[in-house]
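Here the structure comes first, spelled out in structure tokens, and everything after it is commentary.
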Amino acid sequence: MCVFDQVFSDVFAQKKNWLTKIDGRIKFIIGITVLLINLITIKTWIPLAIMILSLSMLASIRIPLKMIIIRLAAPLAIAVLLLITQIFWYGQTPLFVLSIFSLSLTGYKEGLAHGLLIFSRVLGGIAVVIWLSFTMSFGELLIAARWFKTPAVLIEIASFFYRYLFVLMEEASRIREAQTLRLGYNSWRNILKTTSTILGMLLIRSYDRSQTVYEAMTLRGYKETK
């Protein structure tokens, strides 16, 4: 299994350890509660403490650092961007002035404080989600959601989405390998062209597959869950 298969699957949640042995409904309640605390707090240190605690628990069950970093990379980039924009767009008390050619940007004290709060909330929230994803399988999550009276149609859509996400990833991997053999990545121009080709082909094949699956399920007497 390659790295990205492990990142997007629940292979680690299937392993036996002290966190995966906890009932899924309890973890679900803990996760939602902590996320609400993370969202409503006005103290920067609370989301950071949540992040440290979540990552520490993952370290205790020997989750590879590479997996955590890959899952944190995109949210961290977004959090940094939010922090930077808040510094220059929010507040009234000048903190510093940054000159770039003929452009002057003023950083504000209130913007820095507000940006740090948003930054910490993003990291705290994604850390909790990562903690849940590494300790709670998707099937366990659906069972817990069903127990909490989540509408059956939402559970059904989620199960289909999760199933065909991996089918789509396999399809993308095959297309990418074919493009690599055709030297589709030997220059920046070809990389852009190949990427757009892959995205277009995936969109078309996703639509075709959805029609095929729908027809197959209809022939088998499938009816939407009420």
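Considering only segment 34-41, I want to know if a residue exists there that is over 19 Å from LEU132 (Cα atoms) and either in the same structural domain as VAL128 (by TED's automatic domain parsing) or at pLDDT 90 or above (or both).
Quick first cut of segment 34-41, residues over 19 Å from LEU132 (Cα atoms) only: 40-41.
With either in the same structural domain as VAL128 (by TED's automatic domain parsing) or at pLDDT 90 or above (or both) added as a condition, the list becomes 40-41.
Taking every residue of segment 34-41 in turn, at least one turns out to be over 19 Å from LEU132 (Cα atoms) and either in the same structural domain as VAL128 (by TED's automatic domain parsing) or at pLDDT 90 or above (or both).
Considering only segment 64-91, state which residues are in a helix (DSSP H, G or I) and either touching a strand residue (DSSP E or B) at 6+ places or on another chain (Cβ under 8 Å) or touching a residue at least 60 places away in the same chain (Cβ under 8 Å) (or both). Listed by number, the residues that qualify are LYS66, MET67, ILE68, ILE70, ARG71, ILE87, PHE88. What do you reckon, is SER133 within 30 Å of LYS16 (Cβ to Cβ), without any contact (Cβ under 8 Å) to a residue 24 or more places away in the chain and out of contact with any Gly (no Cβ under 8 Å at 6 or more places or on another chain)? No: the conditions fail for SER133. Residue-level analysis places ALA59 among those that are at pLDDT 90 or above and in the same structural domain as GLY124 (by TED's automatic domain parsing). Being in contact with a helix residue (DSSP H, G or I) (Cβ under 9 Å, 6 or more places away or on another chain) and either surrounded by fewer than 19 Cβ atoms within 10 Å (Cβ to Cβ) or part of a loop (DSSP other than H, G, I, E, B) (or both) is a property that VAL129 has. Contact map, segment 168-186: first residue on the phi > 0 side of the Ramachandran plot, second residue surrounded by 13 or more Cβ atoms within 10 Å (Cβ to Cβ), Cβ cut-off under 8 Å, separation 6 or more or different chains; pairs are LEU183/ASN190.
Going through GLN14, GLN92 one at a time, which residue ends up being in contact with a Ser or Thr (Cβ under 7 Å, 6 or more places away or on another chain) and loosely packed, with under 13 Cβ neighbours inside 10 Å?
Residue meeting the stated conditions: GLN14.
The values are calculated or read from the model by the stated rules, or taken from the named source; none is laboratory data. Everything numeric here is computed off the predicted structure, so don't read it as measured data. Neighbour counts are summed over all protein chains in view; Cβ atoms, including those assigned to glycine, are modelled from backbone coordinates with ideal geometry.
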